[in-house]
Amino acid sequence: MTAGPLVEWDPPRTATALLVCLPHAGSGAFQFRSWQELLGPDIALLAVQLPGRENRWREEPATGMAEVLDEVAAPLAARLDLPYVMFGHSMGALIGYELARLLGRKEGRWPSGFVASACRAPDDQGEPSNTPGLTDEQLVAELVADGVVPAAVGANSRLAAAVTRPLRGDSALCDSYRPPGTDPLLPCPLGAWRGQDDEGVTDGHIRKWQQWTTGPSALRTFPGDHFYHLDAPHQVTAELRTFVTDLLPPRS
């Protein structure tokens, strides 16, 4: 597999839609690998792989939104040969939202739908972190305590060491992020999803996503915490399959 911003695993030849997935801070595309089989033969999964992690671990992580968009937008636009839906988890939802707006404005390729998972709305991101002054151990411990990083990472020194560098880049990206203007909003259905035990992303937080689309929006709560999508992949992919297929015309 060559290193690059897009990863896919045996996409089905019968696919009629593309699901673009963006991971949370410090993580990579491979968390979505099992999803392709679970999504079935009508949906091809394409995951965004940012530099500094997994098969791109030698590369320097990005530290700003513009840097990420510059790298991902053109390759993704070239791959959009089918109607697409975007799913972003936590930080991935912010990147996905900006990416979808950019593809719509510059390429005329608006998504058919968008799912913001475990993420506050663009104008509700809270205060910047204090991560620049922390040691690697303090950084991981604080992000685990905040629910931004899975507890399993903090409990495994090798995992913690592997994610520290991308976490610093991702923290800088989130700290420097500024919400976009409201023109244009996404012109498509939007799902705002969260785990019911996620104290950092409440029902009130995801409700604010309704202001960032001109299409209909729906809130959905799953059992679990901030990383509910990792704990219940069968349930999440079933919901995604329904979300995607409901947006497409029936097969003739």
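One table, with the values for the structure above:
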| item | result |
| --- | --- |
| Accessible area, probe 1.4 Å, largest first, for residues TRP110, TRP209 | TRP110, TRP209 |
| Size of the range 156-206 as Cα extents on the principal axes (Å, biggest first) | 43, 28, 17 |
| Carbon + sulfur, % of accessible area of the chain - ligands and nucleic acids excluded, 1.4 Å | 51 |
| Charge dipole (debye, nearest 20) of the chain; +1 at Cβ of Lys and Arg, -1 at Cβ of Asp and Glu | 660 |
| Share of Cα-Cα pairs in the chain lying beyond 32 Å, as whole percent | 14 |
| Relative contact order %, the chain, counting alpha carbon pairs below 8 Å whose residues are six or more apart | 20 |
| Charge-dipole axis of the range 185-252 as Lys and Arg at +1 and Asp and Glu at -1 on Cβ define it, positive-most pick from THR213, TRP193, ALA232 | THR213 |
| For the range 115-252, convex hull of alpha carbons as volume per residue, Å³ | 135 |
| Computed over the range 107-252: relative contact order in percent, which uses C-alpha pairs under 8 Å that are six or more apart | 31 |
| Point-to-point label distance, GLU127-ALA78, nm (Cα→Cβ direction, 7 Å offset) | 4.4 |
| Label-to-label distance, nm, for residues given as THR16 and ALA145 (7 Å Cα→Cβ offset) | 5.1 |
| Largest to smallest accessible area among SER112, SER176, SER117 [probe 1.4 Å] | SER176, SER112, SER117 |
| Solvent-accessible area per residue, Å², over the range 1-70 with all protein chains present [probe radius 1.4 Å] | 43 |
| Computed [θ] at 222 nm, helices only, for the chain once each DSSP H run of length n ≥ 4 contributes -39500 (n - 2.57) | -11000 deg cm²/dmol |
| Length released on extending from ARG178 to ASP246, taking residue separation times 0.36 nm less the Cα-Cα span | 21.2 nm |
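The values are calculated or read from the model by the stated rules, or taken from the named source; none is laboratory data. Everything numeric in this text was worked out from a predicted model, so none of it was measured. Here Cβ is always computed from backbone atoms with ideal geometry, including for glycine, and neighbour counts include all displayed protein chains. Just the protein is used for accessible areas: all its heavy atoms, side chains included, with ligands, DNA and RNA removed. Shrake-Rupley method; radii C 1.70, N 1.55, O 1.52, S 1.80 Å.
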